[in-house]
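K.L.:
I have a structure here, written as structure tokens, and I will follow up with some questions on it.
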Amino acid sequence: MDDLTRRALRWEDVWSKFRPRTPMGQRAKESLPPFMPGEESEWQEVLTEQQQLLQAFGNDPAGADRVDYHLSRLTDPTGVIRMLESGEVPKVSDWFRVKTFLWHGEKLSSLIRKAVPRFRMETAAEEWASALRLLNPAPSLGPSFSLSDDFDSRLKALRRAWEEEDRRVRETAERTARDVERDFPLRRNGEGEWVVDRRSGHLPALERDSRIRRVRETPFDAVFRPVSTPKRKEALRRREIAAARLEAVQGEVLEGLAASFRSRTGFLTRAVEEMGRLDLQRARAELAKGWGGVRPEPDPDVFRIVGGVHPAVAASLESKGRRFSPVDVTVLRGATVIIGPNMGGKTVTLTTVGFIAALGQYGFLVPARSCSMPLVPWIVGIIGDAQETRSGLSTFGAEVRRIVGSLERGSDGLLLIDEPGRGTNPVEGGALAAALTRHLAKRTLWSLQVTHFREVLEVKEARVYRVAGLWGPGALSPEGAEEPWERALEKRMDYRLLPWSGEPMPRNALDIAGILGLPPDILREARKRIGEKSDGSMENKGVGK
Amino acid sequence: MQDRWKKGRVHSLAVVGLAKNAGKTTVLNTLASRLEAEGRSVGFLSIGVDGEERDVWTLKKKPPVVLPPGSLAATAASLLDEKGGDWELLETTPLNTPLGPVTLARALRRVRVKLAGVTRKEGVREVLTRFRERGAEQILVDGAYDRKAAASPWITDAAICVAGAAIARSLDGLMEKTEEAVHLLTLPEAKDPLLRSAAEQAVTENRLVGIRKGRVEALPCSSLLLADRVREVLDGGEWRGLALPGSLTDRGLERLRGAGHPVDLVLADPTRAFVSLRSLRRFYREGSTLSCLRVVRLAAVAVNPVSPSGYTFDPGEMKERTARICHPVPVFDAVRDGVDGLEEIKRNISGG
């Protein structure tokens with residue numbers, strides 16, 4: 001799908017609601033490829049898994065909440081895996097990231113194994129458990145991480161030694177300070193310093209006292225700290241040694257962890273991919289739940305959609321108090337054509353078909369009552385105005401260039417065209433549309449187009465649908481004139497697609513223009529002109545029979 | 001002593017500076033020492049970045065934040081690696097800092113740390129909740145430079161404001177700015193039920209809400225800075241009261257003077273007031289009032305007479321003058337008064 005097609009199908013409106021929770025899920029979404037022809041079994045497996053997820057957690061909201069809880073807390077250890085692969089030694093915060101991943105990943109893995117036994121898992125429960133144990137040597141498992149004493153039998157003693165030396169350092173400092181405070185009316189502040197007013201009578205004595213030294217002064221204060229006694233210096237030295245020993249063993253623990261996990265990078269990589277995949281599947285299933293998605297069945301030849309809905313269009317209509325009319329349509333290889341009045345939902349049908357096809361190819365349960373479809377290598381939607389001012393292409397030019405590009409593709413994809421030929425004069429436009437339809441009918445790709453040109457109907461090989469259209473006599477009932485056009489239109493328009501069986505090309509444009517509020521005198525004039533012209537002249541312009 | 005804190009229900013205490021280098025970290029460390037001595041479990045977090053060794057702007061060395069053993073900290077995980085063995089890392093939050101996600105950790109020993117700040121109010125509230133769930137009895141919130149937002153009653157229970165010499169070159173200038181800041185932080189609570197109702201609606205709907213003829217009416221704009229809309233509104237009738245969902249500035253006050261009659265103005269809380277005392281005095285002289293839906297419980301004002309730029313004010317004079325300005329809020333000097341200076345703060349908090 002190119003950007004123009006994405007835009008035409010309102011793809012982003014729905015794609016932006018596809019929200020994996022984990023960093024790996026979000027990354028997988030960014031590079032998610034559609035399923036391609038030849039990948040039907042993988043495609044169906046992905047869809048089956050989503051159905052199973054929905055089934056398993058549909059009646060177990062607490063279980064679903066647990067899955068979401070763990071997914072939302074899953075960290076991404078990819079950076080640490082790279083560190084291990086390049087021979088680096090991860091730090092404490094890196095191991096915490098790995099442990100958080102393993103803690104929540106193991107829970108998810110276990111939950112899914114129980115709830116959806118056929119969900120594809122690339123890792124074994126034992127792998128999770130043993131990796132987690134490496135980062136949690138204490139008997140009780142917990143989500144936090146520290147270099148606890150259980151990592152190395154020497155740690156406990158070294159920590160105790162450090163604490164002992166630290167206590168000595170404090171004691172020596174405290175002893176000196178207490179001595180000073182006994183001799184002078186001073187109290188230390190939170191920083192362990194004495195701040196003395198320079199006008200204080202004690203200042204000369206303090207300056208002379210060998211137990212303390214002045215560390216700084218201001219125009220108002222002198223600040224003193226205890227002088228380091230030989231005892232205190234020794235205590236400091238011993239604490240430093242204890243700290244160095246402790247840090248050396250802590251370093252060894254970190255190196256040991258790195259060595260243990262280096263042989264597990266394969267597992268970690270698979271685990272990250274697995275969690276990303278689980279997250280994608282859960283996010284897909286969540287989104288599809290919103291539209292009551294069904295599994296698209298594989299069919300190598302036919303797109304068959306019953307009750308198809310475009311969720312973004314449906315939501316827009318709902319916000320205006322209107323309702324989406326579900327689409328029933330079958331698109332065979334060759335040419336399929338939709339005719340119908342303006343505002344009859346033809347383009348929406350085109351968009352819905354393209355959207356459902358694309359959604360299916362990206363592995364989603366689709367918004368329809370039923371759907372079967374082939375996997376195609378491309379989907380192109382030539383819908384709306386693709387005028388390219390910079391490259392000097394008009395609406396017509398841009399449309400033709402995109403048709404050419406699609407026809408030149410060597411494979412069979414899905415081509416959606418909205419009123420080909422409408423951008424030029426009706427005589428040539430009609431001829432062009434008919435010729436294009438004939439050409440498409442002979443091809444093995446799938447094409448669906450909307451047209452107002454009756455010449456297209458002359459292509460016998462094309463499969464044609466018509467929108468049921470406006471019902472009831474005349475354009476407007478007297479009461480209808482008073483209500484908003486959207487409501488008036490919805491009341492009178494039957495959006496269903498029916499197989500065409502030779503009926504004349506619909507001529508409701510003036511009725512619809514009336515509903516939309518075109519002044520009656522203009523409409524009268526238009527009707528008069530239709531009456532004045534012979535049927536033949538109108539037919540030549542392709543507007544009706 | 002502990003009971004007094006409990007009675008006052010001050011679980012979270014913001015330390016906010018009136019300027020960069022005001023001396024917040026020293027106050028924070030003094031509070032931490034005191035709480036440690038009482039055996040209380042403390043949680044530390046910052047709004048904005050703090051705890052760097054050197055001030056980002058002036059490059060002057062700053063005192064580190066020192067956490068007693070057992071304390072909880074919220075910071076970026078990478079900042080814990082320097083002394084990795086001294087921490088138990090507890091959980092990663094969904095909140096982000098430029099240095100990575102905010103991680104909650106428990107200090108296993110006394111440890112110095114840089115606090116990477118939580119940037120949004122909602123984030124701070126989230127961390128406060130998680131700290132409480134993990135048993136923090138007292139939470140100290142370091143409000144980074146100019147972040148008086150940390151003092152917001154919607155975030156913390158009480159605040160200590162630090163007035164440092166760095167604010168102004170002269171003691172008179174410092175006093176003027178301190179008076180202004182303290183006046184704004186201690187704006188009174190709106191008592192009139194109609195005003196409170198208007199303020200609640202303004203906060204909920206994020207728009208101006210007026211009072212006229214005894215009725216509360218939502219107005220079609222969200223700020224006094226939208227000049228044309230405000231003029232339209234003011235011209236539309238005699239508004240006795242007005243509730244603002246956001247900030248109040250001098251320009252906003254000026255616009256209100258166009259009403260031609262006194263107005264009772266109400267804000268969500270005092271941290272939304274960014275007006276000068278001069279404008280406010282003029283506003284008051286016209287018979288208008290300014291109050292808040294929720295007030296800041298100002299536990300104390302800490303003074304620091306030393307500026308990192310090299311000048312110092314007379315500590316005694318500064319404390320005395322500040323105390324006069326701030327009365328009855330207690331004033332203390334964390335460096336000179338030592339931990340004893342905290343007694344009055346505790347009394348103030350427990351006194352309600």
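K.L.:
Provide the solvent-accessible area of B:W154, counting protein heavy atoms only and rolling a 1.4 Å probe, rounded to the nearest 10 Å².
P.N.:
70
K.L.:
While we're on this one: Considering only DSSP states other than H, G, I, E and B, which trypsin sites (Lys or Arg not before Pro) in segment A:115-158 qualify as loop sites with at most 12 other Cβ atoms within 10 Å?
P.N.:
A:R118
K.L.:
Please report the spacing between the Cα centers of segment A:31-79 and segment B:270-333 in Å, no decimals.
P.N.:
Cα centroid of segment A:31-79 versus Cα centroid of segment B:270-333: 57 Å apart.
K.L.:
At a 1.4 Å probe radius, which order do A:H202, A:H310 fall into by accessible area, largest first?
P.N.:
Highest to lowest solvent-accessible surface, that is A:H202, A:H310.
K.L.:
State, to one decimal in nm², a quarter of the convex hull surface area for the C-alpha atoms of segment B:85-143, i.e. the direction-averaged projected area.
P.N.:
Its average projected convex-hull area is 4.3 nm².
K.L.:
What translational diffusion coefficient, in µm²/s and rounded to a whole number, does the Stokes-Einstein relation yield for segment A:153-238 at 20 °C and a viscosity of 1.002 mPa s, taking the hydrodynamic radius as the Kirkwood radius over Cα pairs?
P.N.:
150
K.L.:
Could you work out the relative contact order of segment B:193-292? I mean the mean sequence separation of Cα pairs under 8 Å and 6+ apart, divided by the number of residues, in percent.
P.N.:
In percent, rounded to a whole number, it is 26.
K.L.:
Where does segment B:193-292 land on Rg/Rh, using Cα atoms and the Kirkwood Rh?
P.N.:
Dividing the radius of gyration by the Kirkwood radius yields 0.91.
K.L.:
Given the protein chains as shown and a 1.4 Å probe, how many square angstrom of A:M121 are accessible, to the nearest 10?
P.N.:
Its heavy atoms expose roughly 40 Å² to the probe.
K.L.:
Where does segment A:272-393 land on Rg(C-alpha)/(2.2 N^0.38 Å)?
P.N.:
Rg over 2.2 N^0.38 Å, computed on Cα atoms: 1.20.
K.L.:
Follow-up. Which parts of segment A:190-233, residue by residue, lose 30 Å² or more of accessible area when the rest of the protein chains are there, as against the chain isolated (1.4 Å probe)?
P.N.:
At a threshold of 30 Å² (probe 1.4 Å), the residues of segment A:190-233 that become less exposed are A:G190, A:E191, A:V195, A:T218, A:F220, A:D221.
K.L.:
Can I ask one more? Distance from the Cα centre of segment A:252-276 to that of segment A:186-218, in angstrom?
P.N.:
After rounding, the separation between the Cα centres reads 56 Å.
K.L.:
Pairing the Cα long axis of helix A:92-115 with the longest principal axis of chain A, what angle in degrees results, from 0 to 90 and rounded to the nearest 10?
P.N.:
On a 0 to 90 degree scale, this one is about 50.
K.L.:
Which is farthest toward the positive dipole end of segment A:153-238 among A:A177, A:W194, A:F220, measuring Cα position about the Cα centre, with Cβ charges +1 (Lys, Arg) and -1 (Asp, Glu)?
P.N.:
Checking the options against the dipole of segment A:153-238, the answer is A:A177.
K.L.:
Here is a follow-up. Can you give the translational diffusion coefficient of the protein assembly as shown in µm²/s, computed by Stokes-Einstein from the Kirkwood radius over Cα pairs at 4 °C and 1.567 mPa s?
P.N.:
The diffusion coefficient I find is 38 µm²/s.
K.L.:
Here are some pairs, A:K289/B:K121; A:K29/A:K99; A:K156/B:K121; B:K114/B:K191; which of them have Cα atoms lying more than 32 Å apart in this structure? Let's see the in-between values first.
P.N.:
On the way: A:K289/B:K121 34 Å; A:K29/A:K99 24 Å; A:K156/B:K121 41 Å; B:K114/B:K191 42 Å.
Correct reply: A:K289/B:K121; A:K156/B:K121; B:K114/B:K191.
K.L.:
Take every Cα pair under 8 Å in chain A that's 6+ residues apart, average their separations, divide by the length, and report that relative contact order as a whole percent.
P.N.:
With pairs under 8 Å counted, the relative contact order is 16 percent.
K.L.:
Right, next: For the protein assembly as shown, with only Lys/Arg (+1) and Asp/Glu (-1) charged at the beta-carbon, what is the dipole magnitude about the Cα centre, in debye rounded to 20? List each step's numbers first, then the result.
P.N.:
On the way: 139 positive and 123 negative charges, 331 e Å.
The calculated dipole for the protein assembly as shown is roughly 1580 debye.
K.L.:
How high is the relative contact order of segment B:244-302, given as a whole-number percent (alpha carbon pairs under 8 Å, six or more residues apart)?
P.N.:
Normalised by residue count, the contact order of segment B:244-302 is 41 percent.
K.L.:
Are there any trypsin sites (Lys or Arg not before Pro) in segment A:406-460 that are in a DSSP loop and have at most 16 other Cβ atoms within 10 Å? List them by number.
P.N.:
Answer by residue number: A:R409, A:R443, A:K460.
The values are calculated or read from the model by the stated rules, or taken from the named source; none is laboratory data. None of the values given here were measured: they were computed from a predicted structure. In this analysis, Cβ positions are derived from the backbone assuming ideal geometry, glycine residues included, and neighbour counts consider all displayed protein chains. Keep in mind that these areas ignore ligands, DNA and RNA; they rest on the heavy atoms of the full protein, side chains included. Shrake-Rupley method; radii C 1.70, N 1.55, O 1.52, S 1.80 Å.
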